[in-house]
Amino acid sequence: MPNSLQRMFEISIPDPVGNLYLVTDSHLDYDAAPYVEFIDFLDSLNDVHTLICLGDLFKLWLADQRYWTKLHKEVLRAFRRLCDRSNNVILVAGNREFLLPRNQEQLKKSELPFNQIVLGRFFLTWGSKRFGFEHGDQVNRDDKNYLRWYALSHSQAFEILFRCLPSVLANKIAENLEARMAQSNQAFKIQLPIKHLEEFAEASLEEVDDFFLGHFHERFEYSLKDSSKSLHIIPDWLSTREYWRIDQQGRRTELKFS
């Protein structure tokens with residue numbers, strides 16, 4: 001299957017052989033979410049057809065190879081091993097991924113171990129089911145400060161400036177950005193934006209059977225009235241070590257890695 005990279009993307013797998021796995025918000029580092037544990041998780045997936053990572057893979061990641069640390073290199077090697085024994089490994093970009101390739105040529109040159117990188121919304125037809133996926137950081141339209149910051153930090157001008165920096169300086173700035181992100185807009189992080197999530201669900205579930213988000217680090221489900229269609233927030237790997245498996249018939253199992 002060819003690689004693709006765009007704001008909205010869709011693939012169809014009418015007869016999957018193997019399972020679909022979903023994981024999000026691992027925020028990998030050396031302490032709170034040790035990357036070696038996540039590597040063990042990836043290496044344990046022997047019945048996987050497709051893995052979808054719903055963003056915020058690392059605590060913060062400058063995806064240009066010049067800025068990769070040992071942590072990044074070892075995790076990405078594990079993703080490469082998974083690519084070699086599965087059909088699809090897909091990254092839906094989160095708000096902690098920067099400098100991701102913006103077009104097909106950049107993706108090829110990057111040698112990133114993903115069949116697809118999606119910068120926005122992703123749709124998957126899985127057997128008789130149709131699923132939708134996003135990271136989720138754009139759902140709360142009241143968080144104006146964050147939306148402005150996202151637009152700036154993921155702009156081409158910002159990326160051009162960052163790519164001109166030496167790797168040591170770029171990573172140092174990235175560490176400072178991560179610390180500021182952790183402390184910013186606390187009022188919007190205390191509770192789920194239920195109203196916005198419900199509005200998002202009402203608009204998005206017209207197209208799919210289920211829609212999956214990450215980002216919020218908290219389990220949540222909203223179902224349409226008189227319908228089996230539901231919006232799901234997948235709990236974060238960071239604090240729960242949780243991941244979800246969906247079999248060939250679309251049946252979901254919520255699992256924890258140990």
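The values are calculated or read from the model by the stated rules, or taken from the named source; none is laboratory data. This is a predicted model, so every value here is computed, not measured. Glycine gets a Cβ as well: all are built from the backbone with ideal geometry, and neighbour counts include every protein chain shown. Just so you know, the surface numbers come from the protein's heavy atoms only, side chains and all, with ligands and any DNA or RNA stripped out. Shrake-Rupley method; radii C 1.70, N 1.55, O 1.52, S 1.80 Å.
Selection over segment 118-158 of residues that are exposed (fewer than 14 other Cβ atoms within 10 Å of the Cβ) and modelled with pLDDT of 95 or more gives a count of 1.
How do the pairs read when you match residues in segment 245-258 that are in contact (Cβ under 8 Å) with a residue 12 or more places away in the chain and β-branched (Val, Ile, Thr) with residues anywhere that are part of a strand (DSSP E or B) and open to solvent by 80 Å² or more (accessible area, probe 1.4 Å), using Cβ under 9 Å and keeping only pairs 6 or more apart or on different chains? Final answer for the pair search is Ile246/Arg252. Those strands (runs of 3 or more DSSP E) of segment 1-111 in which 3 or more residues are within 19 Å of Gln138 (Cβ to Cβ), in contact with a Gly (Cβ under 8 Å, 6 or more places away or on another chain) and open to solvent by 20 Å² or more (accessible area, probe 1.4 Å) occupy 4-13.
The criterion of at least 2 residues that are charged (D, E, K, R) and surrounded by 14 or more Cβ atoms within 10 Å (Cβ to Cβ) is met by the following strands (runs of 3 or more DSSP E) wholly inside segment 188-250: 242-246.
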